Amino acid sequence: MSEANHKALLPLPARLPVPIVDAHTHLDACGAKDAADVTAMVDRAASVGVMRVVTVADDLAAARWAAAAATWDERVFAAVAVHPTRTAAFSAADRAVIEELAARPRVVAVGETGLDYYWDYSPPQAQQEAFRWHIDLAKRVGKPLMIHDRDAHEDIYRILDEEGAPEKVVFHCFSGDADFARRCVERGYVLSFAGTVTFRNAKALREAARAVPVYQLLVETDAPFLTPHPFRGRPNEPYGAAYTIVDLAQLRGVDVAELSAAVTTNAERIFELSGDTESDFGGHES
Ligand SMILES: [Zn+2]
């Protein structure tokens, strides 16, 4: 994402009354390379109340980077997997690398994995095999499965049923309608909403976001992508999650502080995050 440079960043939103966690971001794709870059990015997020982030890998190099980044700053956690679009040649050696990284303590989820029927970089058969393998891995390491679902709701749902879903399943950037949201909720899955939920023309998605019990809700940026309204199309960073949660609170007719506290509790429970946000909050301002 060459356009994801600081020049074009969004204005900083107002600081949230209660801290939140960005449950899915790509710090590397946002332009971070080393520990100093990561800290600068998370400082920027923390200045508006986005205190912790889960940075997500989509290939082997990104997985190694994310696992390392999670050791550079206590506010950063990692998720590792091979993205469905990269599964055309997913070798045993690749699997061994993901497996080793997934077991590390700062790696809090297996993802993003799933199915992407929008792009055709990898045939559905290869994607499905890789998805099944990641489901099994999540169960073996006892960590949440973080799902990428693009135009593939029914196959994702069916394969999770066939394999037996891990104890914790997160649909990253949930993109279904209210009916699909209810079916996911029934299975105990957690739905994570990105900036797309703030788009005024995303009627079905906005309806879905109202149908999810607060206990099964997360917010994320998927930065540098999916920049929330009214900045759609510009590069995103984890602090953009503050715009999304304010919009989501409005949509659900609840208080921002209340919703923020709930999604933070959810993120802590699901990803077993360490670090006390209450005492951390405000601690990285200078
Ligand atoms: Zn992502």
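The values are calculated or read from the model by the stated rules, or taken from the named source; none is laboratory data. Everything numeric here is computed off the predicted structure, so don't read it as measured data. Glycine gets a Cβ as well: all are built from the backbone with ideal geometry, and neighbour counts include every protein chain shown. Ligands, DNA and RNA are excluded from the accessible area calculation, which covers all protein heavy atoms including side chains. Shrake-Rupley method; radii C 1.70, N 1.55, O 1.52, S 1.80 Å.
Tabulated data
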{"quantity": "The stretch 14-165 - share of DSSP beta bridges that are antiparallel (%, nearest 5)", "calculated": "0"}
{"quantity": "Cα centroid separation - the stretch 21-59 against the stretch 85-119, whole Å", "calculated": "20"}
{"quantity": "Accessible area of the stretch 140-286 divided out per residue, in Å², using a probe of 1.4 angstrom", "calculated": "41"}
{"quantity": "Carbon plus sulfur fraction of accessible area for the stretch 38-118, probe 1.4 Å, in percent", "calculated": "56"}
{"quantity": "Most to least packed among 200-207, 188-195, 65-72, 265-272 [average Cβ atoms within 10 Å]", "calculated": "188-195, 65-72, 265-272, 200-207"}
{"quantity": "Karplus 3J(HN,Hα) series, Hz, for the stretch 23-32 with 6.51 cos²θ - 1.76 cosθ + 1.60 (x for Gly, Pro)", "calculated": "7, 6, 8, 10, 4, 5, 5, 6, x, 6"}
{"quantity": "Debye-sum result for the chain in log10 I(q)/I(0), which assumes one identical scatterer on each alpha carbon, at q = 0.16 Å⁻¹", "calculated": "-1.27"}
{"quantity": "Solution diffusion estimate, µm²/s, Stokes-Einstein, the stretch 135-263, Kirkwood Rh from C-alpha pairs, 10 °C, viscosity 1.306 mPa s", "calculated": "106"}
{"quantity": "Per-residue [θ]222 nm for the chain (sum of -39500 (n - 2.57) over DSSP H runs n ≥ 4, rounded to 500)", "calculated": "-12500 deg cm²/dmol"}
{"quantity": "5 angstrom amide H check on CYS173, placed H, neighbours 5+ away", "calculated": "SER192, ALA194"}
{"quantity": "Total charge dipole magnitude, the chain, about the Cα centre, Cβ charges on Lys, Arg, Asp, Glu only, Debye to nearest 20", "calculated": "360"}
{"quantity": "Derived scalar couplings ³J(HN,Hα) [the stretch 142-149; Karplus, 6.51 cos²θ - 1.76 cosθ + 1.60; whole Hz; x for Gly, Pro]", "calculated": "x, 10, x, 9, 10, 9, 9, 10"}
